[in-house]
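In what follows, a structure is listed as structure tokens, so that the remarks can point back to it.
The values are calculated or read from the model by the stated rules, or taken from the named source; none is laboratory data. Bear in mind that the values here come from a model prediction, so they are computed numbers and not experimental data. Neighbour counts run over all protein chains shown; Cβ positions are idealised from the backbone, glycine included.
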Amino acid sequence: MNEDPLIISLRKPANTHKPVNVAKPSATSSPLRMPRPAERPLTEMPQRAEHPASVQRVQKRNANLAALKNLPGFVKIIIACVVLAIIAGSLATFISNQTPADPSHVTQADVDNLVARVGALILLPQDETPTIATVTDLNALSGQAFFAHASIGDKVLMYPKAQRAILYSPTQNKVITDGPIVVDKK
């Protein structure tokens, strides 16, 4: 059989049209197919030399996994519950340690420490424990003369029985203002 060459025209940027002769591929040869390397069966692959100790560890691990697979179902459930409880406990501990303490919550030790520091500067009523407040918003207190020299973070010790209030600055370790508590009866 006579094979005619296939003629394809390719354009070049210089406006020259020259036909290019391209031979038709034959059925026996494919120009796109790369020859494959000779394939060997897996049994002929070279084996890696294993260290005897590592082989024993792998065998022991496989034996332990096989023992876990042979456990009854309720034992697997108990083990899973214990693991989940440990993970949940660890997560709860982590989250509770990350949560900042409430600044409005004052412990009795904090009150005793504050009373001792202020008591070293001024005579305090001895028959009652004060209520402690922290100045956080100066704009809300701007119309009151008692808080005229207050700063954010200052402490107010209020003694309701003695009807006395003390404004204390922990940063300066000074009593800023001391005055009576006036209750508005409106």
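Only one entry in 136, 93 is modelled with pLDDT under 90 and exposed (fewer than 12 other Cβ atoms within 10 Å of the Cβ), namely 93.
If only residues of the range 142-160 that are surrounded by 15 or more Cβ atoms within 10 Å (Cβ to Cβ) and part of a loop (DSSP other than H, G, I, E, B) are counted, the one that is nearest to the chain's Cα centre (by Cα) is 154. Contact annotation: residue pairs with Cβ atoms under 6 Å, 6 or more positions apart or on different chains, pairing a residue in the range 145-163 that is more than 15 Å from residue 128 (Cα to Cα) and free of Cβ contacts under 8 Å to residues at least 60 places away in the same chain with a partner that is in a loop (DSSP other than H, G, I, E, B) and not acidic (Asp, Glu), are 147/141; 150/135; 152/135; 154/135. Do we have any residue at all in the range 57-64 that's within 22 Å of residue 181 (Cβ to Cβ) and either under 36 Å from the mean Cα position of the chain (by Cα) or at pLDDT 90 or above (or both)? Looking for residues that are within 22 Å of residue 181 (Cβ to Cβ) and either under 36 Å from the mean Cα position of the chain (by Cα) or at pLDDT 90 or above (or both), one finds none in the range 57-64, hence no.
Filtering the range 161-177 to residues that are on the phi > 0 side of the Ramachandran plot and surrounded by 13 or more Cβ atoms within 10 Å (Cβ to Cβ) leaves only 163.
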